[in-house]
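Before any comments, here is the structure.
The values are calculated or read from the model by the stated rules, or taken from the named source; none is laboratory data. Nothing here was measured: the structure is a model prediction, and the numbers come from that model. Counting neighbours? That spans all protein chains shown, and the Cβs are built from the backbone with ideal geometry, glycine included. Areas reflect the complete protein model, heavy atoms only, side chains present, ligands, DNA and RNA absent. Shrake-Rupley method; radii C 1.70, N 1.55, O 1.52, S 1.80 Å.
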Amino acid sequence: NAKAAEKFAQPRIGIKVDAVISMDYYTVAKMLDLTGPMAVPGFGTITGSNFIAKLLPGDITGNGTHKAVLGSIAGPLMQRVAALAPSRWPALIGDLNGLAAARHLQAYFNNATVEAEIDRVGWSGSVNPTRAPDYMMEVESNYYGDKANYFVSRHYTLALTLKGHTLEHQVTVDLVNNTPCGSY
């Protein structure tokens with residue numbers, strides 16, 4: 001997907017693209033937690049704790065306001081993140097590592113050496129970045145191609161049973177769809 005995004009963007013921005021970084025609303029919310037609230041003219045003040053709740057309704061209804069908000073805060077928010085004091089960098093890196101582990105943040109670099117390091121630390125889009133021999137990835141599609149998964153709560157239960165010299169795994173995934181009635 002990163003290569004496709006790069007191929008799409010490259011001719012439109014007119015400069016060589018070195019990398020593609022993908023982040024979702026949770027990453028933006030965490031950055032706001034680290035940098036503080038931002039006033040958005042005509043929209044109000046957004047914070048890490050209210051960002052998703054304020055933007056999601058516009059995303060679901062497709063009214064476009066959320067895209068204007070994202071466009072207006074993207075540059076200033078990245079400037080704030082880049083200007084964080086060195087004493088805040090451990091918190092930033094820890095939060096970004098957590099977001100990458102939860103797949104809210106992924107990066108792809110054209111430079112093979114850099115991409116290998118990004119993959120090694122678990123920030124790439126690799127399906128099994130740690131190359132675990134026993135691996136499970138729960139995948140769900142957005143309902144109707146929208147952001148309804150925001151309303152889905154998930155609970156995983158793992159039962160391990162030793163049978164002789166074999167450890168058996170049974171994973172139960174419980175999904176509850178709490179999408180508000182009439183949202184669509």
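Among the numbered criteria (1) modelled with pLDDT of 95 or more; (2) exposed (fewer than 14 other Cβ atoms within 10 Å of the Cβ), which one does Ala102 miss?
(1)
What are the residues in segment 105-119 that are surrounded by 13 or more Cβ atoms within 10 Å (Cβ to Cβ) and among the hydrophobic types (A, V, I, L, M, F, W, C), if any?
Those that are surrounded by 13 or more Cβ atoms within 10 Å (Cβ to Cβ) and among the hydrophobic types (A, V, I, L, M, F, W, C): Leu105, Ala107, Phe109, Val114, Ile118.
Which of the residues belonging to segment 46-66 are outside any helix (DSSP H, G or I) and open to solvent by less than 70 Å² (accessible area, probe 1.4 Å)?
Within segment 46-66, Ile46, Thr47, Gly48, Asn50, Gly62, Gly64 qualify.
Looking at segment 1-11, is at least one residue at pLDDT below 90 and outside any helix (DSSP H, G or I)?
Yes: one or more hits.
Results for (1) touching a residue at least 12 places away in the same chain (Cβ under 8 Å); (2) open to solvent by 50 Å² or more (accessible area, probe 1.4 Å); (3) closer than 15 Å to Ile21 by Cα; (4) in contact with a Lys or Arg (Cβ under 9 Å, 6 or more places away or on another chain), shown as yes or no for each residue.
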| site | (1), (2), (3), (4) |
| --- | --- |
| Gly71 | no, yes, no, no |
| Leu84 | yes, no, no, no |
| Asp95 | yes, no, no, yes |
| Ala132 | no, no, no, no |
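Which condition does Ala107 not pass, out of (1) under 15 Å from the mean Cα position of the chain (by Cα); (2) assigned to a loop (DSSP other than H, G, I, E, B), if it passes all the others?
(2)
Could you tell me which of the residues Thr166, Thr130 is of a type in the set (Val, Ile, Thr), at pLDDT below 95 and more than 28 Å from Met31 (Cβ to Cβ)?
Step by step, each of Thr166, Thr130 is checked, and only Thr166 is of a type in the set (Val, Ile, Thr), at pLDDT below 95 and more than 28 Å from Met31 (Cβ to Cβ).
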